[in-house]
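Colleague: Following this message is one structure expressed as structure tokens.
The values are calculated or read from the model by the stated rules, or taken from the named source; none is laboratory data. Note that this is a predicted model, so its numbers are computed, not measured. With ideal geometry, Cβ positions are generated from the backbone for all residues, glycine too; neighbour counts draw on all protein chains shown. Surface areas here come from the heavy atoms of the whole protein model, side chains and all, with no ligands, DNA or RNA. Shrake-Rupley method; radii C 1.70, N 1.55, O 1.52, S 1.80 Å.
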Amino acid sequence: MGTVENTRRVVQDAYPADLARFVCGVWDEERTGPLPGEGTVEALISACYQASLLREEERAVTFRVILCDPERLPPNEGPPGGIHRLEFPEPRRFEVQEIRRLSPAADYYRSLIGVFADEEGELKIWGLVHSGPRWLREGQGGRDAPPPLPRALVLRVYGAGRIAADAGQETICKLDEGRISDLSMDVFRSRWLPATFAPVRQEIAEIHEGLRDQARKKGQVWARLDNDITRVIGQHTIKRITSAVRDSHHGGTVVVVPPDLADDIIEDRYVSLKYKFVDAEPRRRFRTLIVDVMSELARSRAGAPAKDPVGWDDYEAASDVSLSLLDEAIFEVAHLIAGLTAVDGAVVMTQRFEMLGFGGEISGDLPAAETVEKALDVEAEETIEEPTDGVGTRHRSAYRLCKALGSVIAVVISQDGNVRFIKRKNGAVTYWDQA
């Protein structure tokens, strides 16, 4: 039996039966427990697929389904930190029209339809599960921990014929436009992405240490921070930006350049910015907020029971008003950057999270990339070559820039919500479809 992490497959011209076969093939029973038979899984997916093609009072039918017995969910909890289980007195048949009728009550972002298979393998709806929206955090960023779900099969039906399959909160794969793709690829789990930002993280750590020394001279004691916290905060920041652009449905491009290229960009080399920002503190607010979070976390945890060093888990659990305000401020800057992508052209920022400007037109004089490598794993150890004539101008422009500048990362978000990271790796322009 394969595991989710090891799967690197794409299936073309796929249907619900193919998705059921794929899910059963990668399901790790040792970690998640057994699934019902493949026929039952196929019936579950098929009903969800058919329901996704319907309309409910002119609204698209979107919903989430969890396949587990109600006893696997706690009876006396609820959002934001828990799951609220609501059972029907009698189970209802799991069929297409019943799903359609229930979908408005089972809001995609906050609830799930609870389903189980009886002794004969027949699927029944036993009730609703209210989760709240924190489950979106993995893709959206932020420090609010989602309530725990059992490692059961969850289907997320997010559009006509579009179904994603999860094991609890761990993404497995999706069926989208007749194509099944493995979604275990999360660029944020790669080595190359944090390595790209390593020099900047070191700069931020040195700034923090300087502030820590000043506090020590004043007789203040700050807790020591985990060196990894800057990386995690930065990743959640990027997630928040891409999520906000996704939610806007207008698409956009964010170009991240090393600090030593900032002057070239401002002077309209490689990218011509229609709207530039003055070189002053407001342009660097993102980095300032990250430093402020680190300082406040170290200061607020100085008198806590010894747990050294202080890291992301402490930040997640912190209820301090000052930290909450800083987190909200980061959230707002992320939304500001996402809003800038609504203007035609790219938003350009440095690896220091310094906003250089927006409305960027990537130079047409740069050599075109006739082909690119599609990464089949997070480190691009396995790739397949693809021509670039099948994508739009936004993607081709990003390919040109990354071909010319190997240190640049481009993040292209399509109108349909797909997120693509682009960078030159191993000498070739490479892209990753982010889960």
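Colleague: Could you tell me which residue of segment 263-274 is most open to solvent (accessible area, probe 1.4 Å), considering only residues that are aliphatic (A, V, I, L, M) and in a helix (DSSP H, G or I)?
Modeller: Here is the first cut: in segment 263-274, the residues aliphatic (A, V, I, L, M) are 265-266, 271, 273.
From the residues that got through so far, the ones that are in a helix (DSSP H, G or I) too are 265-266.
Numbers: ILE265: 2, ILE266: 49 Å².
In this case the residue turns out to be ILE266.
Colleague: Residue by residue through segment 28-46, note down the ones that are surrounded by fewer than 22 Cβ atoms within 10 Å (Cβ to Cβ) and within 25 Å of the chain's Cα centre (by Cα). Write out each step before concluding.
Modeller: Taking segment 28-46 as the starting set, the residues that turn out to be surrounded by fewer than 22 Cβ atoms within 10 Å (Cβ to Cβ) are 28-40, 42-43, 46.
Of everything in segment 28-46, those that are surrounded by fewer than 22 Cβ atoms within 10 Å (Cβ to Cβ) and within 25 Å of the chain's Cα centre (by Cα) turn out to be ASP28, ARG31, THR32.
Colleague: Out of ALA369, ALA338, ALA334, ALA380, which single residue is open to solvent by less than 20 Å² (accessible area, probe 1.4 Å), outside any strand (DSSP E or B), farther than 28 Å from ARG231 by Cα and in contact with a helix residue (DSSP H, G or I) (Cβ under 8 Å, 6 or more places away or on another chain)? Walk me through it before giving the result.
Modeller: Numbers: ALA338 fails: farther than 28 Å from ARG231 by Cα; ALA334 fails: farther than 28 Å from ARG231 by Cα; ALA380 fails: farther than 28 Å from ARG231 by Cα.
The unique qualifying residue is ALA369.
Colleague: Here's another thing I want to ask about it. Return yes or no: is ASP260 assigned to a loop (DSSP other than H, G, I, E, B) and not aromatic (Phe, Trp, Tyr)? Show your work before the answer.
Modeller: Values: assigned to a loop (DSSP other than H, G, I, E, B): no; not aromatic (Phe, Trp, Tyr): yes.
Here the answer is no, as ASP260 does not meet what is asked.
Colleague: On to the next question. LEU326 is checked against (1) surrounded by 16 or more Cβ atoms within 10 Å (Cβ to Cβ); (2) touching a residue at least 60 places away in the same chain (Cβ under 8 Å); (3) farther than 21 Å from HIS250 by Cβ and fails just one. What number does that condition carry?
Modeller: Result: LEU326 fails condition (2) only.
Colleague: Which one of the conditions (1) farther than 24 Å from ALA342 by Cβ; (2) open to solvent by less than 30 Å² (accessible area, probe 1.4 Å); (3) at pLDDT 90 or above does LEU289 fail to meet, given that it meets all the rest?
Modeller: (1)
Colleague: While we're on this one: Looking for whichever is of a type in the set (Asp, Glu) and either touching a His at 6+ places or on another chain (Cβ under 7 Å) or at positive phi (or both) here; the options are GLU71, GLU38, GLU42, GLU58. Which one fits? It would help to see each step written out before you state the result.
Modeller: Values: GLU71 fails: either touching a His at 6+ places or on another chain (Cβ under 7 Å) or at positive phi (or both); GLU38 fails: either touching a His at 6+ places or on another chain (Cβ under 7 Å) or at positive phi (or both); GLU42 fails: either touching a His at 6+ places or on another chain (Cβ under 7 Å) or at positive phi (or both).
Of the residues listed, the single one that is of a type in the set (Asp, Glu) and either touching a His at 6+ places or on another chain (Cβ under 7 Å) or at positive phi (or both) is GLU58.
Colleague: Related question: Restricting attention to segment 61-77, which residues are touching a residue at least 40 places away in the same chain (Cβ under 8 Å) and assigned to a loop (DSSP other than H, G, I, E, B)?
Modeller: VAL61, THR62, CYS68, ASP69, LEU73, GLU77
Colleague: I would also like to ask the following. Could you please find all residues in segment 372-396 being without any contact (Cβ under 8 Å) to a residue 24 or more places away in the chain and in contact with a Ser or Thr (Cβ under 9 Å, 6 or more places away or on another chain)? Working first, answer last.
Modeller: Let us first name the residues in segment 372-396 that are without any contact (Cβ under 8 Å) to a residue 24 or more places away in the chain, namely 381, 384-393.
Within segment 372-396, GLU385, GLU386, PRO387, THR388, GLY392 meet the criteria.
Residues checked against (1) among the β-branched types (Val, Ile, Thr); (2) farther than 20 Å from ASP186 by Cβ; (3) modelled with pLDDT under 95:
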position	(1), (2), (3)
ASP344	no, yes, yes
GLY360	no, yes, no
THR383	yes, no, yes
ALA410	no, no, no
TRP432	no, no, yes
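Colleague: When TYR49 is evaluated against the numbered criteria (1) within 23 Å of LYS174 (Cα to Cα); (2) open to solvent by less than 40 Å² (accessible area, probe 1.4 Å), which criterion, by number, is the only one it fails?
Modeller: (2)
Colleague: Quick one: what pairs do we get from segment 197-214, first residue within 26 Å of SER407 (Cβ to Cβ) and free of Cβ contacts under 8 Å to residues at least 60 places away in the same chain, second among the hydroxyl-bearing types (Ser, Thr, Tyr) and surrounded by 16 or more Cβ atoms within 10 Å (Cβ to Cβ), C-beta under 8 Å, 6+ apart or different chains?
Modeller: Between residues of segment 197-214 that are within 26 Å of SER407 (Cβ to Cβ) and free of Cβ contacts under 8 Å to residues at least 60 places away in the same chain and residues that are among the hydroxyl-bearing types (Ser, Thr, Tyr) and surrounded by 16 or more Cβ atoms within 10 Å (Cβ to Cβ), the close pairs are ARG201/THR230; ALA205/THR230.
Colleague: I need every pair where a residue in segment 1-30 that is in a loop (DSSP other than H, G, I, E, B) has its Cβ under 7 Å from the Cβ of a residue that is basic (Lys, Arg) and at pLDDT below 85, sequence separation at least 6 or different chains.
Modeller: As it stands, the answer is GLN12/ARG179; ALA14/ARG179, since those pairs meet every condition given.
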